[in-house]
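Trainee: One structure is given below, represented as structure tokens, and several questions about it will come after.
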Amino acid sequence: MEKRSVKTNRPVNRWKWAFTVLLAVIVLATGIVINRVTAPAPTPAVTRKADIGDTSMTVELNRHQVNALAANYLNRFLRGQQVKYTFIVGQQYATLAGDTKFLGAKIRFALNFIPERQKNGNVLLRAKGLSIGRLNLPVKIVMGYIAKNYNVPKWVKIDAKKKTILLDLNQYSAKRSLKYSAQEINMAQGRFKFLITVPTN
């Protein structure tokens, strides 16, 4: 008697197939990550060549910072001097304050200036008024006294006739490693910009 082979249809194990697919996805993703991590980093595109002349920077200061710099400079410059004076930038004027003599008496004065930036980067102070107690002395006389009796830096030039004081930043920078130039003077907003240049030669 001949035996017939009977085929039995076994049910498909869905969980087994799902696990196999998941394992394949994990292996593939791991391979991609490893490939990207070990690949050499791309070279960044250069959008602009470095210019040798790029040695300048603009510095913006407020009133407090300008006054701090002025006080620090004058404290060092006037060290050991008998005659002292101050330079303060206010909301409307730049004020030079000190002492002067009139008829043998020492009198405290405050000379107000309006600063102006010149095309060459220097700063010109134009005298606008004088506060000297109850006395009414002409500005020219006080500025003449300052020019003769006050020890001022060589780069600060007083012209009593024109009632101006020139802050010659070009002369100040002549023997220094950095060059200074005024770019903006805005008294109303208290903003002062200076260009500082490092010479390449």
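The values are calculated or read from the model by the stated rules, or taken from the named source; none is laboratory data. As the structure is a computational prediction, the values presented were derived from the model and not from experiment. When we count neighbours, we look across all protein chains shown, and the Cβ atoms used for this are built from the backbone with ideal geometry, even at glycine. We work out accessible area using only protein heavy atoms, side chains counted, and drop any ligands, DNA or RNA first. Shrake-Rupley method; radii C 1.70, N 1.55, O 1.52, S 1.80 Å.
Trainee: If we keep just the residues of segment 149-201 that are more than 18 Å from the chain's Cα centre (by Cα) and in a helix (DSSP H, G or I), which is surrounded by the fewest Cβ atoms within 10 Å (Cβ to Cβ)?
Mentor: Here the residue is ASN149.
Trainee: Look at segment 93-113 and say how many of its residues are over 18 Å from LYS148 (Cβ atoms) and β-branched (Val, Ile, Thr).
Mentor: The number of residues fulfilling the criteria is 1.
Trainee: MET143 versus (1) over 16 Å from PHE87 (Cα atoms); (2) in a helix (DSSP H, G or I): which is the lone unmet condition?
Mentor: Here MET143 meets the rest and fails (1).
Trainee: So the check is Cβ under 8 Å with 6+ separation or different chains; which pairs have a first residue in segment 66-92 that's within 19 Å of ALA147 (Cα to Cα) and a second one that's open to solvent by 50 Å² or more (accessible area, probe 1.4 Å) and in a loop (DSSP other than H, G, I, E, B)?
Mentor: Every condition considered, the pairs that remain are PHE77/ASN151; LEU78/LYS84; LEU78/ASN151; GLN81/ASN151; VAL83/ASN151.
Trainee: Across segment 104-130, what is the number of residues that are out of contact with any Phe, Trp or Tyr (no Cβ under 7 Å at 6 or more places or on another chain), open to solvent by 40 Å² or more (accessible area, probe 1.4 Å) and modelled with pLDDT under 85?
Mentor: Just the residues of segment 104-130 that are out of contact with any Phe, Trp or Tyr (no Cβ under 7 Å at 6 or more places or on another chain), to begin with: 104-111, 115-124, 129.
Adding the requirement that they be open to solvent by 40 Å² or more (accessible area, probe 1.4 Å) leaves 104-106, 108, 116-120.
From what's left, modelled with pLDDT under 85: 104-106, 108.
Here the count works out to 4.
Trainee: Report yes if some residue within segment 65-73 is of a type in the set (Val, Ile, Thr), closer than 27 Å to THR197 by Cα, open to solvent by 60 Å² or more (accessible area, probe 1.4 Å) and out of contact with any helix residue (DSSP H, G or I) (no Cβ under 8 Å at 6 or more places or on another chain); otherwise report no. Quick ask: steps written out before the conclusion?
Mentor: First, pick out the residues of segment 65-73 that are of a type in the set (Val, Ile, Thr): 66.
Among the residues that remain, those that are also closer than 27 Å to THR197 by Cα are: 66.
Those left that are additionally open to solvent by 60 Å² or more (accessible area, probe 1.4 Å): none.
Scanning segment 65-73 turns up no residue that is of a type in the set (Val, Ile, Thr), closer than 27 Å to THR197 by Cα, open to solvent by 60 Å² or more (accessible area, probe 1.4 Å) and out of contact with any helix residue (DSSP H, G or I) (no Cβ under 8 Å at 6 or more places or on another chain).
Trainee: Do we have any residue at all in segment 133-140 that's surrounded by fewer than 18 Cβ atoms within 10 Å (Cβ to Cβ) and assigned to a strand (DSSP E or B)?
Mentor: yes
Trainee: Could you tell me how many of the residues in segment 90-124 are closer than 15 Å to ILE165 by Cα and part of a strand (DSSP E or B)? Reasoning before the result, please.
Mentor: Residues of segment 90-124 closer than 15 Å to ILE165 by Cα: 93-97, 110-118, 121-124.
Of the ones still in play, those that are also part of a strand (DSSP E or B) are 94-97, 110-117, 123-124.
Here the count works out to 14.
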